[in-house]
Amino acid sequence: GLHAMKIWPFDQAAERTHGLHIDQADLRAGVDIVGKIRDAVGDEMNIMIELHGLWHRAPATRIIDALAEYDIGWIEDPLRSDAVAALAALRRDVDTPIAIGETTVGRRGLLPLLQASALDIATVDVQWTGGVTEARKTASLADAFAVPFAPHDCTGPATLAACLHLVMSQPNGLVQETVRAFMHTWYSEFSEGLPTVENGRISLPTGHGHGVTLRPDLFDRPDVERTVFRP
């Protein structure tokens with residue numbers, strides 16, 4: 001039932017060249033992966049490409065241009081998020097939407113990107129940006145610039161629950177990212193009350209607060225190491 005997926009087929013090439021250049025072989029290898037997905041699922045799957053902020057502007061532009069025929073949903077973090085002027089120039093040069101924001105901190109980190117028209121989707125991480133209160137303010141700020149809000153997920157089950165409550169409460173909430181491998185492994189091994197994903201839709205937890213709690217057997221398991229911090 002999932003209708004969107006995000007992949008990162010160009011990261012190894014970026015690591016080899018420090019993001020300064022991509023040769024034709026690496027470009028074709030990454031593009032071919034996207035082509036195989038399109039061949040398998042047609043237009044039923046929205047494909048997003050994660051570039052992890054590893055590239056400089058010229059090779060990032062080359063990658064995005066090479067993917068244009070596959071109708072990519074968005075390109076995420078093509079450059080570092082603090083490269084505001086370069087991101088704004090990149091966005092003017094390409095037609096594919098640019099998603100960025102998970103490594104920005106609060107309103108002050110996101111505002112320059114919005115003012116420069118450097119992004120199409122704000123992918124703020126609720127935990128990294130300063131917590132739920134600050135994240136809610138970034139969502140409202142993005143809404144003032146007519147930019148959708150799509151929270152990042154990879155930092156734990158409690159953060160995912162908080163993200164979900166936030167995105168569902170905002171008028172510009174677009175989509176909630178989940179990491180399938182995490183949802184089926186350590187998220188569920190550590191916690192209960194996780195949001196459920198069925199037929200491509202994610203539902204809010206029903207428990208108190210954000211709804212997620214630590215598993216009650218966590219503190220008695222022999223394979224769990226605990227560290228207690230005392231003032």
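The values are calculated or read from the model by the stated rules, or taken from the named source; none is laboratory data. Treat the numbers as computed from the prediction; the structure is a model and nothing was measured. Because the Cβ atoms are built from the backbone with ideal geometry, glycine has one as well, and the counts that use them run over all protein chains shown. These area figures cover heavy atoms from the full protein model, side chains too; ligands, DNA and RNA do not enter into them. Shrake-Rupley method; radii C 1.70, N 1.55, O 1.52, S 1.80 Å.
With label points built 7 Å along Cα→Cβ from the Cα atoms of Asp220 and Val197, find their separation and express it in nm.
3.2
Normalised by the number of residues in the chain, what is the relative contact order in percent for Cα pairs under 8 Å and 6+ residues apart? Provide the component values of the computation, followed by the final result.
On the way: 391 pairs, mean separation 28.7, N = 231.
About 12 percent, as a whole number.
Under a 10 Å cutoff between Cα atoms, tell me which one of Ala181, Ala122, Ala162 has the largest fluctuation in the Gaussian network model of the chain.
Maximum fluctuation in the GNM of the chain, among the listed residues, is at Ala181.
Angle, helix 57-66 long axis vs. longest principal axis of the chain, Cα atoms, 0 to 90°, nearest 10?
90
First compute the accessible area of the chain with a 1.4 Å probe, then give the percent of it belonging to carbon and sulfur atoms.
Looking at the chain in its full context, I get 53 percent from C and S.
Specify the residue with the greatest mean-square fluctuation among Ile33, Ile121, Ile63, computed from a Gaussian network of the chain linking alpha-carbon atoms under 10 Å apart.
Of Ile33, Ile121, Ile63, the Gaussian network model singles out Ile33 as fluctuating most.
In cubic angstrom, how much convex hull volume per residue do the alpha carbon atoms of the chain span?
Values: hull volume 36.9 nm³, N = 231.
Convex hull of Cα atoms, per residue: 160 Å³.
Give me, ordered by chain and number, the residues 5 or more places off Trp8 or on other chains with an amide H under 5 Å from its own placed amide H.
Glu50
Apply the Karplus curve 6.51 cos²θ - 1.76 cosθ + 1.60, θ = phi - 60°, to the phi angles in region 140-150 and return the couplings in whole Hz, x for Gly and Pro.
5, 4, 4, 4, 5, 9, 6, 10, x, 10, 9
Calculate how many DSSP beta bridges within the chain are antiparallel, expressed in % of all such bridges and rounded to the nearest 5. Provide the component values of the computation, followed by the final result.
Numbers: 5 of 18 bridges.
Antiparallel bridges make up about 30 percent of those DSSP assigns within the chain.
Mind listing the long-range amide H neighbours of Gly173? Cut-off is under 5 Å, sequence gap 5 or more, other chains count too, H placed in the peptide plane at 1.01 Å from N.
Hits under the 5 Å cutoff: Phe149.
HN-Hα J couplings of region 68-76 from phi, Karplus 6.51/-1.76/1.60, θ = phi - 60°, integer Hz, Gly and Pro as x?
Rounded to whole hertz, the list is 4, 5, 9, 6, 6, x, 7, 9, 9.
Using a Gaussian network for the chain with springs between C-alpha atoms less than 10 Å apart, which of these wobbles most: Asp95, Asp23, Asp143?
Of Asp95, Asp23, Asp143, the most mobile in the Gaussian network model is Asp23.
Tilt of helix 157-169 relative to the longest C-alpha principal axis of the chain, in degrees (0 to 90, nearest 10)?
70
Counting only residues 5 or more places away or on other chains, whose amide H sits under 5 Å from the amide H of Asn46 once H atoms are built in the peptide plane?
When sequence neighbours closer than 5 places are left aside, the close amide H contacts are Ala4, Met5.
List, in order, the whole-Hz ³J(HN,Hα) value for each residue of region 179-193 obtained from phi through the Karplus relation with A = 6.51, B = -1.76, C = 1.60 and θ = phi - 60°; use x for Gly and Pro.
9, 4, 4, 6, 4, 9, 10, 6, 4, 6, 5, 9, 9, 10, x
Angle check, please: helix 106-115 long axis (alpha carbons) against the longest principal axis of the chain (alpha carbons), in degrees 0 to 90, nearest 10.
Compared with the principal axis, the helix lies near 20 degrees.
Suppose all protein chains stay in the model; what accessible area per residue would a 1.4 Å probe give for region 81-231, in Å²?
Working: 8310 Å² over 151 residues.
Using a 1.4 Å probe on heavy atoms only, each residue of region 81-231 averages 55 Å².
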